[in-house]
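K.L.:
Questions regarding the structure given below will be posed in turn.
The values are calculated or read from the model by the stated rules, or taken from the named source; none is laboratory data. Being a predicted model, the structure only gives us computed values, none of them experimental. For neighbour counting, all protein chains shown are included, and Cβ atoms are generated from backbone atoms with ideal geometry for every residue, glycine included. Just so you know, the surface numbers come from the protein's heavy atoms only, side chains and all, with ligands and any DNA or RNA stripped out. Shrake-Rupley method; radii C 1.70, N 1.55, O 1.52, S 1.80 Å.
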Amino acid sequence: MPGERVQIDAFAMQIGNVADAELEALHALSISVGWPHRGADWQFLREVGKGVVATDDIGRIMSSAMWFRQSPELATIGMVITSPRLQTQGSGLWLMEYALKDLEGVDLRLNATRAAQRLYHSLGFKPEKTVYQCQGIVTHSPAGETVWGDLRALTDSDLDAAIALDGAAFGAARAGTIGKLFQHSRGYGLFRDGRLVAFGLCRRFGRGHVVGPIVAATDEDAIAVLSPHIREHEGGFLRLDTHFETSDFAAIVMRCGLSVFDTVLTMSLGRTLMDFSSEEADAPVTYALVSQTLG
Ligand SMILES: CC(C)(COP(=O)(O)OP(=O)(O)OC[C@H]1O[C@@H](n2cnc3c(N)ncnc32)[C@H](O)[C@@H]1OP(=O)(O)O)[C@@H](O)C(=O)NCCC(=O)NCCS
């Protein structure tokens, strides 16, 4: 619990609540491991989740871990960082154990960097699927293909339909996350017979903008809701995290100028991605993650 102390290497570390930490100190921690998050990105995450930090005896933040109850049965874990000066001394594991205690009985999902896979493996997480982190300056916009249906900007009145569609793809309705994203994003939805069948959101993040989630049942529909975002960011920095390496959707992402910058591994503890996915042939799928942290 916050206030708990542990001796790590020569440091006496104290655990604290991420909600009470200074934003600049959190920002400095993520910069220390080369992550692009701005203070505003940390703030967004603090508003949708909770977490802990480990501070040294003069109050410097050395390590962090956050978790997000996406629904009563499923949570994601992210922002697991240890300052390079203190890595491999046990503080990552200490904070993860703290998170797991708070998440007892909940199925867990996270996206692990190479550096973190051993840590998660030792806690029982199982590898599932690669995530391709695509990013770059948008150099080409896709041609405006005609698509069956009505493509338009999303408004607040579309929120419930978006939560339901995302929930069918993600495996759990995450009303809190999608509701918050609606406040921070521009969105496009594809409607057929007045029903939302695909949507894509885009928001400020890190070095530019990130597109996610994109939820659709086919590549064609996913491309339809991605394309306006690409057009709006031509010449700008755009990022998109996807499980798709080869497909028409992935090809469009590459063609517009993004390339695979890195890969991470989706891992689960408890029920797997498959357990949460629908067996129906035309079920919606997540084409782009909200982020590596939120899944
Ligand atoms: C991943 C990270 C959080 C681990 O934090 P840490 O405080 O060093 O972790 P711990 O000291 O508790 O180590 C836990 C286990 O991971 C192993 N480990 C730590 N860093 C490692 C690395 N760079 N490569 C391989 N294994 C590593 C440790 O040896 C230990 O395994 P063991 O118990 O079998 O010896 C830290 O390396 C980091 O911040 N990396 C950059 C950011 C990042 O990738 N975060 C993960 C996001 S998913």
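K.L.:
Give the carbon-plus-sulfur fraction of the accessible surface of the range 133-288 in %, rounded to a whole number; probe 1.4 Å, heavy atoms of protein chains only.
P.N.:
On the way: 3600 of 7020 Å².
Carbon and sulfur atoms account for 51 percent of the accessible area of the range 133-288.
K.L.:
Next question, about the same structure. Pick out, from LEU93, TYR287, PHE125, the residue whose Cα sits farthest towards the positive end of the charge dipole of the chain, with +1 on the Cβ of Lys and Arg and -1 on the Cβ of Asp and Glu.
P.N.:
The one lying farthest along the dipole's positive direction is LEU93.
K.L.:
Now, a different point. Taking the DSSP beta bridges in the range 15-124 as the whole, what percent of them are antiparallel, to the nearest 5?
P.N.:
Values: 15 of 19 bridges.
Here the antiparallel bridges make up roughly 80 percent for the range 15-124.
K.L.:
So if I take the centroid of the Cα atoms in the range 59-115 and the same for the range 1-49, what is the distance between those two points in Å?
P.N.:
11 Å
K.L.:
A follow-up question, please. How much mean residue ellipticity at 222 nm does the chain get from its helices, if each DSSP H run of length 4 or more adds -39500 (n - 2.57) and you divide by all residues, to the nearest 500 deg cm²/dmol? The partial results should precede the final answer.
P.N.:
Values: 9 runs with 86 residues, N = 295.
Dividing the helical sum by the residues of the chain leaves -8500 deg cm²/dmol.
K.L.:
While we're here: Which order, highest average first, do 109-118, 207-216 follow once you tally other Cβ atoms within 10 Å for each residue and take the mean per peptide?
P.N.:
Those peptides, ordered most packed to least, come out 207-216, 109-118.
K.L.:
Suppose all protein chains stay in the model; what accessible area per residue would a 1.4 Å probe give for the range 133-288, in Å²? Display every interim value, and only then the final one.
P.N.:
Numbers: 7020 Å² over 156 residues.
In whole numbers, the range 133-288 has 45 Å² accessible per residue.
K.L.:
Any idea which of ALA25, THR272, GLY149 is furthest toward the positive side of the dipole for the chain, if Lys and Arg beta-carbons carry +1 and Asp and Glu beta-carbons -1?
P.N.:
After comparing all options, I get ALA25.
K.L.:
If packing is taken as the mean number of other Cβ atoms within 10 Å per residue, what is the order of 253-263, 193-203, highest first?
P.N.:
Working: 253-263: 17.2, 193-203: 20.0.
Most protected by this proxy first, the peptides run 193-203, 253-263.
K.L.:
Separate question: What's the extension gain from ALA164 to THR146 if we count 0.36 nm per residue and subtract their Cα-Cα distance?
P.N.:
Values: separation 18, 0.36 × 18 = 6.48 nm, distance 2.57 nm.
Value of the extension gain: 3.9 nm.
K.L.:
Here is a follow-up. Ratio of Rg to Rh for the chain, alpha carbon only, Kirkwood?
P.N.:
Numbers: Rg = 19.2 Å, Rh = 19.7 Å.
Radius of gyration relative to Kirkwood radius: 0.98.
K.L.:
Shifting gears a bit: In whole percent, and with a 1.4 Å probe on the protein chains, what portion of the accessible area of the range 5-105 is carbon and sulfur? Working shown, then result.
P.N.:
On the way: 2230 of 4450 Å².
With neighbouring chains kept in place, the figure for the range 5-105 is 50 percent.
K.L.:
I need the peptides 270-280, 29-39 ranked by packing, meaning the mean over residues of other C-beta atoms within 10 angstrom, with the highest value on top. Working shown, then result.
P.N.:
Values: 270-280: 13.3, 29-39: 15.6.
Highest mean packing first, the order is 29-39, 270-280.
K.L.:
Further, regarding this structure: What accessible area per residue, rounded to a whole number of Å², is obtained for the range 6-116 using a probe radius of 1.4 Å? Don't skip to the answer; put the middle values down first.
P.N.:
Details: 4720 Å² over 111 residues.
Here the per-residue accessible area is 43 Å².
K.L.:
Same structure, new question: How would ILE252, ILE81 line up by accessible area, probe 1.4 Å, largest first? Intermediate results must be reported in sequence, preceding the final value.
P.N.:
Numbers: ILE252 25, ILE81 5 Å².
Largest accessible area first, the residues go ILE252, ILE81.
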